[in-house]
């Protein structure tokens with residue numbers, strides 16, 4: 001085995017994206033950021049592993065599939081083939097792997113992981129009653145909700161009324177890891193970036209954690225709970241594990257999966273949108289702590305892309321297709337614009353006018369003029385041959 005093969009990979013992930021609709025530029029923004037960062041590490045001679053993929057279980061995907069007259073697996077297969085894989089080519093992303101939560105490699109490892117947590121006493125049966133946002137696929141706290149003009153309690157992200165859920169489910173003892181999480185982040189403040197995200201998570205942790213319902217019994221589109229076939233795994237508990245299942249979580253020692261896991265884990269950077277920060281910086285590390293696995297080195301929560309002052313959203317019909325921008329200015333300019341125009345970690349507004357203005361002033365007039373002058377000087381002074389550096 002060569003030294004490069006033995007070297008711990010720089011491992012970066014994007015979120016896995018819901019297949020309830022086609023991707024918009026908010027999704028492409030995260031993927032481009034990850035692609036630029038991993039290309040830099042590759043250019044530095046490092047071993048790199050770059051993962052992206054799709055989240056295909058849960059009530060939101062099920063309802064979308066039903067509304068389109070398809071079975072959920074058919075819907076997911078169609079969206080992945082027609083939209084999610086093609087967009088990677090549109091934005092020239094050089095990912096090393098693409099994980100789907102409906103793949104056997106993921107589902108089998110999730111069930112194995114879940115069984116190991118139950119055997120270790122981290123999972124118990126209980127009842128849940130409270131508000132649930134299908135758009136977020138999240139059990140909400142009362143303090144998280146907003147009230148609309150009709151008096152209905154709504155999700156602040158989707159501005160839609162939450163649903164009241166009452167189920168007997170399986171629970172993860174999340175509350176048992178409160179002090180351990182606080183201690184970890186106090187010792188490793190760079191594990192959550194930017195600083196505003198770190199402060200948000202620490203405030204949330206210090207307010208105390210509640211145990212987490214990790215199964216659903218009112219629908220069947222998900223990974224079956226291995227010891228209780230009447231329940232499916234809660235979509236976030238399923239989805240978060242993708243970062244580890246994709247590189248061989250829990251495979252037998254000596255197998256290719258186990259070797260890949262040893263070479264890759266822990267992840268160096270999880271890139272996420274700020275609206276899913278708590279899942280990644282609270283629930284995910286607690287799951288890993290329960291399994292005695294190393295924690296990711298950094299969860300980086302970037303801001304939202306805003307259109308007309310609002311978060312880009314498929315449900316609000318404010319999504320813009322990456323293809324529509326690439327058709328106008330090309331993929332290089334697409335990538336340049338979103339990393340140049342927006343301070344990473346903060347919200348940023350997109351407008352066609354700003355895109356065209358920056359394309360003209362910074363690329364065509366600025367870099368384009370520089371390239372033209374350099375080309376002319378090489379021709380004039382070096383007979384058209386680039387001099388040695």
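The values are calculated or read from the model by the stated rules, or taken from the named source; none is laboratory data. The structure presented is a predicted model; accordingly, all values stated were derived computationally and were not measured. Neighbour counts are summed over all protein chains in view; Cβ atoms, including those assigned to glycine, are modelled from backbone coordinates with ideal geometry.
Quick notes
- The condition of being more than 15 Å from residue 166 (Cα to Cα), touching a residue at least 60 places away in the same chain (Cβ under 8 Å) and surrounded by 22 or more Cβ atoms within 10 Å (Cβ to Cβ) does not hold for residue 204.
- Per-region count, the range 10-28, residues in contact with a strand residue (DSSP E or B) (Cβ under 6 Å, 6 or more places away or on another chain) and either assigned to a strand (DSSP E or B) or within 22 Å of residue 299 (Cβ to Cβ) (or both): 11
- Selection over the range 243-256 of residues that are out of contact with any helix residue (DSSP H, G or I) (no Cβ under 6 Å at 6 or more places or on another chain), touching a residue at least 60 places away in the same chain (Cβ under 8 Å) and not in a loop (DSSP other than H, G, I, E, B) gives a count of 2.
- Counting the residues of the range 70-101 that are more than 24 Å from residue 36 (Cα to Cα) and either in a loop (DSSP other than H, G, I, E, B) or in contact with a strand residue (DSSP E or B) (Cβ under 8 Å, 6 or more places away or on another chain) (or both) gives 5.
Okay, residues lined up against (1) out of contact with any strand residue (DSSP E or B) (no Cβ under 8 Å at 6 or more places or on another chain); (2) assigned to a loop (DSSP other than H, G, I, E, B):
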| position | (1), (2) |
| --- | --- |
| 115 | yes, no |
| 121 | yes, yes |
| 129 | no, no |
| 136 | yes, yes |
| 165 | no, no |
| 168 | no, no |
| 171 | no, no |
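- Residue 97 vs. criteria in contact (Cβ under 8 Å) with a residue 60 or more places away in the chain, surrounded by fewer than 17 Cβ atoms within 10 Å (Cβ to Cβ) and either at positive phi or within 19 Å of the chain's Cα centre (by Cα) (or both): yes
- Number of positions in the range 160-183 that are in contact (Cβ under 8 Å) with a residue 40 or more places away in the chain and surrounded by 15 or more Cβ atoms within 10 Å (Cβ to Cβ): 12
- Residue list for the range 376-389, filter: assigned to a helix (DSSP H, G or I) and either exposed (fewer than 12 other Cβ atoms within 10 Å of the Cβ) or in contact (Cβ under 8 Å) with a residue 40 or more places away in the chain (or both): 376, 377, 379, 380, 381
- Test for residue 305: is it modelled with pLDDT under 90 and touching a helix residue (DSSP H, G or I) at 6+ places or on another chain (Cβ under 6 Å): yes
- Of the residues contained in the range 171-179, one or more are found to be farther than 26 Å from residue 269 by Cα, over 21 Å from the mean Cα position of the chain (by Cα) and modelled with pLDDT of 95 or more.
- Residues that are surrounded by fewer than 20 Cβ atoms within 10 Å (Cβ to Cβ) and either farther than 25 Å from residue 326 by Cβ or within 16 Å of the chain's Cα centre (by Cα) (or both) within the range 81-94 comprise 85, 88, listed in sequence order.
- Under the condition of being surrounded by fewer than 20 Cβ atoms within 10 Å (Cβ to Cβ), in contact (Cβ under 8 Å) with a residue 40 or more places away in the chain and in a loop (DSSP other than H, G, I, E, B), the residues counted in the range 57-69 number 0.
- The listed residue being part of a strand (DSSP E or B) and within 17 Å of the chain's Cα centre (by Cα), out of 38, 54, 31: 54
- Among the residues listed as 275, 220, 228, the single one being over 29 Å from residue 305 (Cβ atoms) and at pLDDT below 95: 220
- Strands (runs of 3 or more DSSP E) wholly inside the range 265-350 containing at least 2 residues that are surrounded by 19 or more Cβ atoms within 10 Å (Cβ to Cβ) and touching a strand residue (DSSP E or B) at 6+ places or on another chain (Cβ under 7 Å): 269-273, 299-302
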